[in-house]
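No lab work stands behind these numbers, since they all come straight from the coordinates. What you see is a predicted model; the values in this text were computed from it and never measured. Here the Cβ is made from the backbone with ideal geometry for all residues, glycine too, and neighbour counts use every protein chain on show.
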């Protein structure tokens with residue numbers, strides 16, 4: 001049996017765009033290909049975090065990191081046995 005090879009992940013694509021004057025405001029123009037690829041229409045969600053800004057479609061149903069944290073806190077899961085589960089030795093099993 002041949003060893004399983006992990007698929008190489010491409011590094012995130014970086015695109016430099018200019019900030020332009022739009023009326024009394026400033027904005028950026030997004031290439032048509034990106035608008036189509038990410039289904040960006042008339043309205044987008046702009047999420048601000050310590051790492052920077054994230055633009056996503058309003059159709060994107062994934063939770064933001066902040067929303068994910070809040071949902072996890074609401075669930076009030078019992079993690080009392082976490083250390084016991086981590087020490088079960090499964091990390092040493094050859095899969």
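Just from its helices, what would the mean residue ellipticity at 222 nm be for the chain, if runs of 4 or more DSSP H residues each count -39500 (n - 2.57) and the sum is divided by every residue, rounded to the nearest 500 deg cm²/dmol?
After summing the helix terms and dividing by residue count, I get -6000 deg cm²/dmol.
Of the candidates 32, 70, 18, which one comes out as most mobile in a Gaussian network treatment of the chain with C-alpha springs shorter than 10 Å?
Of 32, 70, 18, the Gaussian network model singles out 18 as fluctuating most.
If you build a Gaussian network model of the chain, linking Cα atoms that sit under 10 Å apart, which residue out of 37, 74, 14 swings the most?
14
If you take the beta carbon distance between residue 46 and residue 77 as r and set R0 to 30 Å, what does 1/(1 + (r/R0)^6) give as a FRET efficiency, to the nearest 0.05? Please list the in-between numbers first.
Values: r = 31 Å, r/R0 = 1.02.
E(calc), rounded to 0.05, equals 0.45.
Would you list the P(r) distribution for the chain, with all Cα-Cα distances sorted into 10 Å bins from 0 and each bin expressed as a whole %?
All Cα pairs considered, the percentages come to 10, 24, 25, 22, 14, 4, 0.
Arranged from highest to lowest average of other beta-carbon atoms within 10 Å per residue, in what order do the peptides 50-63, 80-93 appear? List each step's numbers first, then the result.
Values: 50-63: 10.4, 80-93: 8.1.
Packing order, densest peptide first, comes out as 50-63, 80-93.
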